[in-house]
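This report refers to the structure that appears directly beneath it.
The values are calculated or read from the model by the stated rules, or taken from the named source; none is laboratory data. Worth saying up front: this structure is predicted, and the values here are computed from it rather than measured. Here the Cβ positions follow ideal geometry from the backbone for every residue, glycine too, while neighbour counts run over all protein chains shown.
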Amino acid sequence: MITREPEFYTPALNTRGQFGRFGLIICRNAGLALLVLWEALLDLRFVFSKRSRPMVLGQFYIVGIKSLGVITVVGMFTGMILALQTGLELRKFGQEVNIGAAVMITMLREMGPFMTAMILSASVGSAMAAELGTMVVSEEIAALEVMSIPPVRFLVMPRLAAMMVMTPLLTFYACMLGVFGGAIVGNTQLGVSFNAYFDNAIRWAVNKDLYIGLFKAFIFGIMITIISCHQGFSTTEGAVGVGRATRRSVIISFLSLLIVGYIITRLLYE
Amino acid sequence: MIRFERVTKYFGEKKVLENVDFAVAPGETFVIVGFSGAGKSVTLKHMIRLLTPDYGKVYVGGEVISQASGRELQKLRERFGVLFQGAALLEWMSVGENVGLPLREKTNMSEHDIRRRVNERLEQVNLSHVYDLSPSELSGGMRKRVGLARALVMNPDIILYDEPTSGLDPVTSRSIDQLIERMRNELKVTNVVVTHDLFSALAIGTRIAMIHNGRILEISTPSEFIRSQNEIVKNFLDSQYITKRGKWEAQINETQEN
């Protein structure tokens, strides 16, 4: 049941009590978010059903097509900045031809998934939290539950499916644009020919970089969805609460992306 | 039909319901009135298990909804239609899609049959022309009527109304009252109405329960209610200028005769 009883806490007596309570609230929220994730993963079996199709396609459109413009600009300029910064330093050693590898590897391993996830978290994730939060406040979620329509299947599953598929695809797109942007900077400002740039990029980057980057993006997509939906569902106190849920969803997503991104890198690049 | 058995509910340390005991008979319009914060909506939410009592039980047709879960709870909830205070329409769907939502999600009816049923329900609430409109294009009264059409679409036994006339002008409020009355007469449903609009309560209620500070103060018929000797009830009646008891008695008798 998503509609929850109002929560009341008696004031903590001292600082230790306040820390303890803070810890308990974090654990409780993490547990509730994991329950939403579990239910949504089970509900993925309905992703191709006739009932869910309009919602799922709608979310694919919002996550994929509507984010394309921002991803294009951010992906390309990230690659261009990377190429320029590394190229200027490498030129001191006459190694500017190596910007191809530097841009390709950095984009695939870190910048591609991370920048894409940041954009999706700020645009799509915050919208999810605000939308679901508004639905909680206006009793639409309660109405769904009373009509015996599970809110997680109806609202979270389509968003999760779209983010699981579109985040890796958008990441790949951002990486390719970044590499292309780097090639333009290399050619126009550092005097590295396109052939030399791409030869160098392909020689040093390996398939593992691509796979791990896409895997990260996949995990980031799931995290953004669950954090944002959980924050939306936890909204209380009207319009102020919706604003708070939206802000929290972005902050928690950003922090989680950084921490989980590091953990995945640490585990897979030993 | 619905029975509260010594229901007590706390929000933190505050007792919001205390030993609430009442039963709603099939086919009646049971109206719960009271001042803001008295516990009316909390009572209503217990009926559909959006809240769970800390003590006591809530029965729906002999089954304990306050302890039900999973499929059992779903089946019990399918007996209800609920009109929420703000109508709770999904804003990204058209009116027709909103009303047809439970049919699309819970039944295997064809699109043609769904459209026919939705149109029937919209006609029942006098809104046959709004199928393709968006909820944002509707007035407050129209939204409530669409909410009522959605509540009716699965043919429930019981309809719950949470402040059905709040925020509406007197003319629209009376038209909503007439609709509630019509639902009971035509569809033989049981109505439970939560309101602080006494005009509404006296016009449509078969019995009125006054709740104050989480306790039921009085349950009586409208004609008994306006003659109540309870000071809080009298104060509540006076606060809405229902002082000419004779006039109201005549109107209540007329409604009941009809």
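Data overview
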read-out: Members of segment B:38-52 that are of a type in the set (Val, Ile, Thr) and farther than 12 Å from residue B:80 by Cα; value: B:42, B:43, B:52
read-out: Residue B:78 being surrounded by fewer than 15 Cβ atoms within 10 Å (Cβ to Cβ) and at pLDDT below 90; value: no
read-out: Of the criteria (1) closer than 29 Å to residue A:11 by Cβ; (2) touching a Phe, Trp or Tyr at 6+ places or on another chain (Cβ under 8 Å), which one residue B:41 fails; value: (2)
read-out: Boolean, residue A:128 is under 20 Å from the mean Cα position of the chain (by Cα) and touching a residue at least 12 places away in the same chain (Cβ under 8 Å); value: yes
read-out: Which numbered condition residue B:66 misses (of (1) more than 10 Å from every other protein chain (Cβ to nearest Cβ); (2) in a helix (DSSP H, G or I); (3) surrounded by fewer than 17 Cβ atoms within 10 Å (Cβ to Cβ)); value: (3)
read-out: Hits in segment B:85-102 (condition: more than 10 Å from chain A (Cβ to nearest Cβ) and buried (at least 19 other Cβ atoms within 10 Å of the Cβ)); value: B:95, B:96, B:99, B:100
read-out: Test result for residue A:90, free of Cβ contacts under 8 Å to residues at least 60 places away in the same chain and more than 15 Å from the chain's Cα centre (by Cα); value: yes
read-out: Qualifying residue in segment B:132-147 (condition: in contact with a strand residue (DSSP E or B) (Cβ under 8 Å, 6 or more places away or on another chain) and either within 12 Å of another protein chain (Cβ to nearest Cβ) or crowded, with 21+ Cβ neighbours inside 10 Å (or both)); value: yes
read-out: Hey, residue A:8 among the aromatic types (Phe, Trp, Tyr), more than 26 Å from residue B:73 (Cβ to Cβ) and either in contact (Cβ under 8 Å) with a residue 60 or more places away in the chain or loosely packed, with under 12 Cβ neighbours inside 10 Å (or both) or not; value: no
read-out: Qualifying positions in segment B:1-50 - closer than 22 Å to residue B:159 by Cβ and among the hydroxyl-bearing types (Ser, Thr, Tyr); value: B:29, B:41, B:43
read-out: Scope segment B:166-190; condition of a type in the set (D, E, K, R) and in a helix (DSSP H, G or I); matching residues; value: B:174, B:177, B:181, B:182, B:184, B:186
read-out: Selection from segment A:217-249 of residues that are among the basic types (Lys, Arg) and either closer than 30 Å to residue A:172 by Cα or surrounded by 24 or more Cβ atoms within 10 Å (Cβ to Cβ) (or both); value: A:247, A:248
read-out: Residue that is nearest to residue B:148 (Cα to Cα) [pool: residues in segment B:181-220 that are among the polar types (S, T, N, Q) and in contact (Cβ under 8 Å) with a residue 24 or more places away in the chain]; value: B:191
read-out: Enumerated helices (runs of 4 or more DSSP H) restricted to segment A:39-153, each holding at least 1 residues that are more than 14 Å from chain B (Cβ to nearest Cβ) and surrounded by fewer than 21 Cβ atoms within 10 Å (Cβ to Cβ); value: A:53-60, A:68-91, A:99-106, A:112-120
read-out: Members of segment B:41-63 found to be loosely packed, with under 15 Cβ neighbours inside 10 Å and on the phi > 0 side of the Ramachandran plot, listed by number; value: B:61, B:62
read-out: Count - residues of segment B:12-46 that are within 14 Å of chain A (Cβ to nearest Cβ) and in contact (Cβ under 8 Å) with a residue 24 or more places away in the chain; value: 8
read-out: Criterion: of a type in the set (Lys, Arg) and more than 12 Å from chain A (Cβ to nearest Cβ) - qualifying residue of B:79, B:3, B:49; value: B:3
